[in-house]
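Have a look at the structure below, then the notes.
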Amino acid sequence: MSGIEWNHIFDLPLAIESFPYILQGIGYTILISFGGMAIGLVLGLALALSRTSKLFLFRWPARIFISYMRGTPMLVFLFLLYFGLPNIGIQFSAVTAALIGFSLHSSAYMAEIIRSSLNSVDKGQWEAATALGLSYGQSLLSVILPQATRIAIPPLSNVLLDLIKASSLAAMITVPDLFQRAKIVGGREFDYMTVYILVGLIYWGICLLVEIWQNHLEKRSTYV
């Protein structure tokens, strides 16, 4: 421990100077994480309904897709989209590849959350809706989904937090997000310690805001 240069752990003047430049990448971080969450949520609902379908042609493709996405590292999938697909003539920009990757990857996790939330709603709710003459779609949208949403808020919020942190992987395919800009500053100034601490604090700040929003949604749903 005596050999550690404690004065080099965090260079405050460098952090202050670099902060505006690094923060310019927050738009990409938000686009990838929140955009991936929004698209993944829609896909996840479709996958969850397919996963519970009585039809083989819907159920098994959904199960295979969910299993593959949950069993494949995000970074591998991003590389497949950005570096692999051009070999067969399909090419995406780095941002597009990241958005597609995070949307598809997160949809598998959200599908399981939505499926379990739907299954948590008492079967009597379906029977009551049917007795009132509601169709399957009407029952799902008006009766089941509102109740399942309250159950799904905490785990879905955790998925969003994971997406925000995992969005740093987009830097590996050259997306100029927060982490990519921190890497540039660290390489230029030969001080990765300071910039990585700084970018970690920025990610933490974003996640804190999401946690506050999550708590608000949970309290509000409790009284609905």
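The values are calculated or read from the model by the stated rules, or taken from the named source; none is laboratory data. Quick caveat: nothing in here was measured; it's all calculated off a predicted structure. In this analysis, Cβ positions are derived from the backbone assuming ideal geometry, glycine residues included, and neighbour counts consider all displayed protein chains. The protein model used for the area step is the full one, side chains on, heavy atoms only, and it has no ligands, DNA or RNA in it. Shrake-Rupley method; radii C 1.70, N 1.55, O 1.52, S 1.80 Å.
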* Structure fact -> So, over other residues within a Cβ distance under 12 Å of Met69, counting Lys, Arg +1 and Asp, Glu -1, the net charge is +1
* Taking 0.36 nm per residue of separation and subtracting the Cα-Cα distance, what length does fully extending Ile90 through Val42 add? -> 14.8 nm
* Mind listing the phi-derived Karplus ³J(HN,Hα) values for region 41-54, rounded to whole Hz, using 6.51, -1.76 and 1.60 with θ = phi - 60°, and x for any glycine or proline? -> 5, 5, 5, x, 5, 4, 5, 5, 5, 5, 4, 9, 5, 7
* Mind listing the phi-derived Karplus ³J(HN,Hα) values for region 188-195, rounded to whole Hz, using 6.51, -1.76 and 1.60 with θ = phi - 60°, and x for any glycine or proline? -> 6, 9, 6, 9, 6, 4, 5, 6
* What is the Cα radius of gyration of region 84-147 over 2.2 N^0.38 Å, N being its residue count? -> 1.77
* For Rg/Rh (Cα atoms, Kirkwood Rh), the choices are [x] 0.94; [y] 1.08; [z] 0.96; which was calculated from the structure? -> [y]
* Structure fact -> The ³J(HN,Hα) series, computed from each phi in region 150-159 with the Karplus coefficients 6.51, -1.76 and 1.60 at θ = phi - 60°, rounded to the nearest Hz and given as x for glycine or proline, is 4, 6, 7, 4, x, x, 5, 5, 5, 4
* Asked: Hey, what's the chain come to in accessible area per residue, 1.4 Å probe, Å²?
  -> 56 Å²
* Asked: To the nearest 10 degrees, how steep is helix 12-23 against the longest Cα principal axis of the chain, on a 0 to 90 scale?
  -> 40 degrees
* Structure fact -> Taking a straight Cα-to-Cα line shorter than 16 Å from Lys183, and setting aside same-chain lysines fewer than 8 residues away, one finds Lys165
* Over region 1-85, how many percent of alpha carbon pairs lie in each 10 Å bin up to the one with the longest distance? -> 13, 24, 25, 18, 12, 7, 1
* Asked: Measuring from centroid to centroid over Cα atoms, what is the spacing of region 35-83 and region 102-118 in Å?
  -> 8 Å
* When only the heavy atoms of the protein chains count and the probe is 1.4 Å, how do Ser53, Ser67, Ser106, Ser116 rank by accessible area, highest first? -> Ser67, Ser116, Ser53, Ser106
* Estimated 222 nm signal from helices in the chain, with DSSP H stretches of n ≥ 4 weighted -39500 (n - 2.57), rounded to 500 -> -24500 deg cm²/dmol
* Report, in debye and to the nearest 20, how large the dipole of the chain comes out about its Cα centre when Lys and Arg carry +1 and Asp and Glu carry -1 on their Cβ. => 920 debye
* Asked: Taking N as the number of residues in region 115-179, what is its alpha-carbon radius of gyration divided by 2.2 N^0.38 Å?
  -> 1.71
* To do: Have a look at Ile113, Pro176, Gly137 and report the one farthest towards the positive end of the charge dipole of region 107-189, computed about the Cα centre with Cβ charges (Lys/Arg +1, Asp/Glu -1).
  => Pro176
